[in-house]
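The values are calculated or read from the model by the stated rules, or taken from the named source; none is laboratory data. Model, not experiment: these values are computed from the prediction. Heads up, the Cβs are rebuilt from the backbone with ideal geometry, glycines too, and the neighbour counts pull from every protein chain shown. Only protein heavy atoms, including side chains, enter the accessible area calculation; ligands, DNA and RNA are left aside. Shrake-Rupley method; radii C 1.70, N 1.55, O 1.52, S 1.80 Å.
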Amino acid sequence: MPGKVPARATRAAALLLGLGALAYTAWLLEVLVRTGLDPVRTYVSELAAADQPLGGLFRATDLAAGLLVLAGALAGLAATRGPRRHEPWALGGWIALAVFGAATVADSRLPLSCAPTADPECAARETAGLVPATHLAHAVSSSLAMTGALAAMVALTVAARRYGHWRPLARTGPALVVLELAATAWTLAAVAAFEAGKGTWSLGAGQRLQVLLVAVWLAVLAGSLPPRRVR
């Protein structure tokens, strides 16, 4: 019976993370519906801004994604019982993934009031400090979420290769991590340029690539966690 607990937790983690990856790509709906925001220039989170017509939908999908990933990460932690409790890369990776999920939940509850990259008046109010405190809180939660995602991607990919687990992740994880780091560097440079008044540097494209790669990595991780027969 004790051996069945990690197996059940692994199956739960695979299901929850797979659903979380799907929910985390809900922003792709902007390809099908008119949002009024340029995906090349605007933050992904501006889709969920309080003044956007579909803001409620995207806040709900962000909340769902965060809750699913958080639950999946906790299930992954539960699966580290037994011999795997001595695998620090795996333990740290699941904790980082839980942080990502929790911060994404917080992100969904702290929406921007307006879209600064698309609305010059909103950008001016933000620069003057005349926007709600949720703008600053959102920036903090978003940074924490992406830090958790990056840490989880690195740690669990290292765990897959070092401990011989999760073969699909061991094969494709390193390439996804490198691409994610490049997309993150692009996004950070674009944010700095926008805040300095030097344009957006295709900020939206960079951030969408960043978010998409996280979702792809989550899907690969989920697919790498097949149920194992316990003897």
Report task. Please work out which residue is modelled with the highest pLDDT, limiting yourself to region 190-226 and to residues that are under 18 Å from residue 94 (Cα atoms) and in a loop (DSSP other than H, G, I, E, B). Result -> 224
Report summary line: The one condition residue 99 fails out of (1) open to solvent by 50 Å² or more (accessible area, probe 1.4 Å); (2) aliphatic (A, V, I, L, M); (3) in contact with a Phe, Trp or Tyr (Cβ under 9 Å, 6 or more places away or on another chain) is (3)
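Has region 37-56 got any residue that is β-branched (Val, Ile, Thr), open to solvent by 30 Å² or more (accessible area, probe 1.4 Å) and without any contact (Cβ under 8 Å) to a residue 12 or more places away in the chain? Please lay out each step first, then the result.
Kept after step one, since they are β-branched (Val, Ile, Thr), are these residues of region 37-56: 40, 42, 44.
Right, trim to open to solvent by 30 Å² or more (accessible area, probe 1.4 Å) and you get 40.
When the remaining residues are screened for being without any contact (Cβ under 8 Å) to a residue 12 or more places away in the chain, the result is none.
No, region 37-56 contains no residue that is β-branched (Val, Ile, Thr), open to solvent by 30 Å² or more (accessible area, probe 1.4 Å) and without any contact (Cβ under 8 Å) to a residue 12 or more places away in the chain.
Restricting attention to region 36-54, does a residue exist that is under 28 Å from residue 158 (Cα atoms) and not small (Gly, Ala, Ser)?
no
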Report task. Go through region 120-152 and count every residue that is acidic (Asp, Glu) and either open to solvent by less than 20 Å² (accessible area, probe 1.4 Å) or modelled with pLDDT of 95 or more (or both). Result -> 1
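Quick check: is even one residue across region 25-36 acidic (Asp, Glu), under 20 Å from residue 112 (Cα atoms) and touching a Leu at 6+ places or on another chain (Cβ under 8 Å)?
Step one: filter region 25-36 for residues acidic (Asp, Glu), giving 30.
From the residues that got through so far, the ones that are under 20 Å from residue 112 (Cα atoms) too are 30.
Applying the additional criterion that residues be touching a Leu at 6+ places or on another chain (Cβ under 8 Å) yields 30.
Yes: region 25-36 contains one or more residues that are acidic (Asp, Glu), under 20 Å from residue 112 (Cα atoms) and touching a Leu at 6+ places or on another chain (Cβ under 8 Å).
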